[in-house]
1. Ratio of alpha-carbon Rg to the 2.2 N^0.38 Å globular estimate for the chain, to two decimals, please.
2. Take S76, S97, S20 and order them by how many other Cβ atoms sit within 10 Å, fewest up front.
3. So how tilted is helix 59-93 from the main axis of the chain? Cα-based, degrees 0 to 90, rounded to 10.
4. Could you work out the relative contact order of the chain? I mean the mean sequence separation of Cα pairs under 8 Å and 6+ apart, divided by the number of residues, in percent.
5. Can you compute the charge dipole magnitude of the chain about its Cα centre, using +1 on each Lys and Arg Cβ and -1 on each Asp and Glu Cβ, nothing else charged? Give it in debye, rounded to the nearest 20.
Amino acid sequence: MENKQQLPNATLVLIFGIASIVTCFCYGFLGLVFGIIALVLAKKAKELYLANPELYIGYENLNAGRICAIIGTILSSLYLLLIIGYIIFMGALMPWSEILNQ
């Protein structure tokens, strides 16, 4: 029986991917940070796995974490754009001429 080792950072990618979904509505920043870190770690671990797939286990966790990170990054980006749009819209509605002429 072969001794297979756990794929490095597979569990961390899964945790960060889930954290990116959970924190995506914290103004979009935390979800983006967790999602981008998870995607970078997943890319490195996937390259390592594809080089020698017979040496590692835990690819399922890596793939699930990568999918969660993609979803979390997309949700965080959309929410951040929504917040920026709201700030721009509310800024456009303010009576700037009255504020500046005081």
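1. So the Cα radius of gyration is 1.59 times the expected 2.2 N^0.38 Å.
2. Exposure proxy ranking, most exposed first: S97, S76, S20.
3. Helix 59-93 sits at roughly 10 degrees to that axis.
4. This gives 38 percent for the chain.
5. Taking the Cα centre of the chain as origin, the dipole is about 100 debye.
FYI, it's all coordinate maths here, none of it is from the lab. Predicted model, so just to flag it, every value in this text is computed and none were measured. So basically every Cβ, Gly included, is an ideal-geometry build from the backbone, and we count neighbours across all protein chains shown.
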